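*Asks:* Starting off with a structure, shown below.
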Amino acid sequence: MSDHKGSYFQRDRDWHPPAYTPDYKTSVLRAPRQALLSLDNTISEMTGPVFGHDVLGPRDDDLITNWAKTGDAIGQRIVVHGRVLDENGRGLPGVLLEFWQANAGGRYRHHKETYHAALDPNFGGCGRAITAQDGSYRFRTIKPGAYPWPNRVNDWRPAHIHFSVFGHAFAQRLVTQMYFEGDPMIWQCPIVGTIPDKRAVEQLIAALDRQNTTHMDALAYKFDIVLRGRRSTLFENRMEGN
Amino acid sequence: MVQRLDYLKESPSQTAGPYVHIGTNPNWVEITGVWNGDLGLVLVGPDTKGERILVTGRIFDGLGKPLNDALVEIWQADADGLHNSPEEKRGRADPHFAGWGRQPTHRETGEFRFETVKPGRVPYVDGRPMAPHITVYIVARGINIGLHTRLYFADEAAANAECPVLNRIEHPARRETLVARRGEEGGLPVYTFDVHLQGHHETVFFDV
Ligand SMILES: [Fe+2]
């Protein structure tokens, strides 16, 4: 049994989207078809890079001003805040979050973007944060717009913010998206629809949080992120046994 | 009634999409000045211990077209087999080696390329040594959940033959999908690791 001490809970592949989801057409040629090789966690996956606050710039957590040239970015000002937890419910400190999004009109600042909505000269669309001791994080941005995308002829993405998350181990690495409470377009989106279980989709919908608005400045949304949990037996015991 | 288990569920994955670089490599998509440099571009410095190598490759879709919009991360041990991570309990890794790198695939050719060092051997869960390897993580438009795989080295035939992870792969031909071929470029060994998402040569991906 000492083989498994401290390893991460097996990923629930029925909670995540499968690779092959034909309504999201790009997945058809990019989905592996063979079974994944199940692997006990080794040290290669139970370790992972850690990023210190020295990587952050002073305005990484404020997308309203971090690329501003002549004034603030245009749009509904919001604070996004929450905690990064593991499946045991523990807050995870020192987690690097990277986020990116379209502007208030739904337009990305990217060479592959083809949507007609205007660029905002004061909005870049990227930000970063590192979680505090209790797993909490916070940033300020504008609410992104919905946008059309080339899939079926009339597919639109609901408003969303993309997140990339580094936990304490490479086994916890996660990329996901945050949606906004009350948006009817969530339930029409083929990318959201890759997630089989409605309760799993609901886990990605941030709640409007009137308790954390900023006076005369910004609305607030609360978004918690859960990374894989870990068996309670200490990793150190395993190493002493070797 | 029994007591309730109160575990949370992991947040479900969603695709990184075509614009992932805005969040990970903003300078590469001309969003400059927000942060100093994109993370993960450089793994080694003048003081890094170990044999310098280049790692390159492409990621092919089911029709053999290289992905020109993917993001590739690598994670590996240093030359002595230690990881630069607080979770590494066996010793202190080379402080001059990050162990983690990240590159977008090239806009035209789809190629990724890292300058790194050849990793040392790391023990498997039962203590047997695994062959030297680099963990590879791929996200892109059309990939709903990030893909984990491993790069092994063609010139480590003896270590590969006894690697407990490679030997978990039932079909020997599939093991070969993880072995990067060795060449030379500008005096450095270059290992080419082509990833096939589908087809006869589909790469082995891991549920780690
Ligand atoms: Fe998006």
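*Asks:* Quick check: pseudo-label points 7 Å beyond the Cα along Cα→Cβ at A:Ser136 and A:Val153, how many nm apart are they?
*Replies:* Roughly 5.1 nm, to one decimal.
*Asks:* I'd like the FRET efficiency for B:Leu41 and A:Phe51, computed as 1/(1 + (r/R0)^6) with the beta carbon distance as r and R0 of 22 Å, rounded to 0.05. Before the final figure, lay out each step's value.
*Replies:* Working: r = 14 Å, r/R0 = 0.64.
It comes out at approximately 0.95.
*Asks:* Sequence-distant or interchain residues sharing an amide H contact under 5 Å with B:Val190, placed H: which?
*Replies:* B:Leu54, B:Gly183, B:Glu184, B:Glu185
*Asks:* Please report how far the C-alpha centroid of the stretch A:180-236 lies from that of the stretch B:82-158, rounded to the nearest whole angstrom.
*Replies:* The two parts, judged by their Cα centres, are 30 Å apart.
*Asks:* Taking Cα centroids, how far is the stretch A:80-136 from the stretch B:1-54 in Å?
*Replies:* Centre-to-centre (Cα) distance: 12 Å.
*Asks:* Using the Karplus curve 6.51 cos²θ - 1.76 cosθ + 1.60 with θ = phi - 60°, work out ³J(HN,Hα) for each residue of the stretch B:79-86 in order, rounded to whole Hz, and write x for Gly and Pro.
*Replies:* Per-residue couplings from phi come out as 4, 9, x, 10, 9, 7, 8, x Hz.
*Asks:* Mind listing the long-range amide H neighbours of A:Tyr108? Cut-off is under 5 Å, sequence gap 5 or more, other chains count too, H placed in the peptide plane at 1.01 Å from N.
*Replies:* Distant-sequence amide H within range of A:Tyr108: A:Asn103.
*Asks:* Assuming R0 = 51 Å, can you tell me the calculated FRET efficiency for the pair A:Leu208 and A:Leu29, based on Cβ-Cβ distance, to the nearest 0.05?
*Replies:* Numbers: r = 38 Å, r/R0 = 0.75.
With R0 = 51 Å, the Cβ-Cβ based efficiency is 0.85.
*Asks:* Want the number for B:Glu30 to B:Asp6: 0.36 nm per residue separation, take away the alpha-carbon distance, what's left?
*Replies:* Numbers: separation 24, 0.36 × 24 = 8.64 nm, distance 4.50 nm.
Using 0.36 nm per residue and subtracting the Cα-Cα distance, I get 4.1 nm.
*Asks:* Suppose each label sits 7 Å from its Cα in the direction of the beta carbon; what would the A:Asp12-A:Gln76 distance come out to in nanometres?
*Replies:* Roughly 3.0 nm, to one decimal.
*Asks:* From the C-alpha coordinates alone, can you work out the Kirkwood hydrodynamic radius of the stretch A:1-130, in Å? Don't skip to the answer; put the middle values down first.
*Replies:* On the way: mean 1/r = 0.0528 Å⁻¹.
Kirkwood hydrodynamic radius for the stretch A:1-130: 18.9 Å.
*Asks:* Using DSSP, restrict attention to beta bridges with both residues in chain A and report what percent are antiparallel, rounded to the nearest 5.
*Replies:* Values: 31 of 41 bridges.
So the antiparallel bridges in chain A amount to around 75 percent.
*Asks:* To the nearest 500 deg cm²/dmol, what mean residue ellipticity at 222 nm is calculated for the protein assembly as shown from DSSP H runs of n ≥ 4 alone, each contributing -39,500 (n - 2.57), summed and divided by the residues? Please report the intermediate quantities before stating the final value.
*Replies:* Values: 7 runs with 34 residues, N = 450.
The per-residue figure over the protein assembly as shown is -1500 deg cm²/dmol.
*Asks:* Among the listed pairs A:Lys112/B:Lys9; A:Lys25/A:Lys198; A:Lys25/B:Lys9; A:Lys69/A:Lys198, which are separated by more than 32 Å between their Cα atoms? Please list the in-between numbers first.
*Replies:* Values: A:Lys112/B:Lys9 34 Å; A:Lys25/A:Lys198 21 Å; A:Lys25/B:Lys9 27 Å; A:Lys69/A:Lys198 41 Å.
With Cα atoms farther than 32 Å apart: A:Lys112/B:Lys9; A:Lys69/A:Lys198.
*Asks:* So what are chain A's ellipsoid semi-axes, whole angstrom, largest first, if each one is the square root of 5 times an eigenvalue of the alpha-carbon gyration tensor? Don't skip to the end; give the middle numbers.
*Replies:* Numbers: eigenvalues 213, 114, 51 Å².
The equivalent ellipsoid of chain A has semi-axes of 33, 24, 16 Å.
*Asks:* Decide, for the stretch B:20-196, between rounded, prolate and oblate: order the square roots of the alpha carbon gyration tensor eigenvalues as a ≥ b ≥ c, take rounded if a/c falls under 1.5, and otherwise choose prolate if a/b is larger than b/c, else oblate.
*Replies:* Oblate is the answer for the stretch B:20-196, as a/c is 1.5 or above yet b/c matches or exceeds a/b.
*Asks:* If you don't mind, another one. Taking the Cα centre of chain A as the origin and placing charges on Cβ (Lys, Arg +1; Asp, Glu -1), which of A:Phe223, A:Ile195, A:Leu63 is farthest toward the positive end of the dipole?
*Replies:* A:Ile195
*Asks:* Still on this structure, please answer the following. What is the sum of charges, Lys and Arg at +1 and Asp and Glu at -1, for the other residues whose Cβ falls under 10 Å from the Cβ of B:Pro189? Could the numbers behind the result be given before it?
*Replies:* Numbers: positive: B:Arg52, B:Lys118, B:Arg182; negative: B:Glu51, B:Asp155, B:Glu184, B:Glu185.
Charge balance near B:Pro189 sits at -1.
Coordinate-derived values only; no laboratory data. No experiment lies behind these values; they were computed from the predicted model shown. Positions of Cβ are backbone-derived with ideal geometry, glycine not excepted, and every protein chain shown enters the neighbour counts.
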